[in-house]
1. Just add up the charged neighbours of Pro64: K/R +1, D/E -1, any other residue whose Cβ is under 14 Å from the Cβ of Pro64.
2. What percent do you get for the relative contact order of segment 1-112 when only Cα pairs under 8 Å and 6+ apart count?
3. Counting only DSSP beta bridges with both residues in the chain, what percent are antiparallel, rounded to the nearest 5?
4. Placing one identical point scatterer on every Cα of the chain and ignoring solvent, what is log10 I(q)/I(0) from the Debye formula at q = 0.13, 0.19 Å⁻¹?
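A short reminder: the numbers here are calculations on the coordinates, not readings from a lab. Just so you know, these numbers come straight off a predicted model, no measurement behind them. Quick reminder, even Gly has a Cβ in these numbers, built from the backbone with ideal geometry, and neighbours come from all protein chains shown.
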Amino acid sequence: MRIAGFGFRREATLESLAQALDQLAEQYEAIDKLAVAHSMLPLVEEFGRLRGIEVISVADAELPTVTTLTHSAQSLQARGTGSVAEAVALLAAGHNARLLGPRIISADRQATAALAEGNR
């Protein structure tokens, strides 16, 4: 199961998420589900509906428990993790999940996405 996790700024739009997801799909092909921190759910839920992809919500409190490949100072301050996208993808993909690579950043720099593979 391949799960794309998202992180984004308040200013992010559906297009921001689309740019990030399309980059992931170009690089890694198949994406089975989307994931996001619970507090950021509405935008990704809408995006998932438009794309016909199931969305998994993970608890915000779990984000700091995940070791990420990349480390954004802004992400660390706001959410307690080096990369929200990477942490969310790993948490949603389940036990023993692995990232397929570091997060990517949308062209407008408002959203990030990372892809994890796991047993969920």
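1. Net charge around Pro64: -2.
2. Values: 203 pairs, mean separation 40.6, N = 112.
Once normalised by length, the contact order is 36 percent.
3. 60
4. So the normalised log intensities are -0.39, -0.90.
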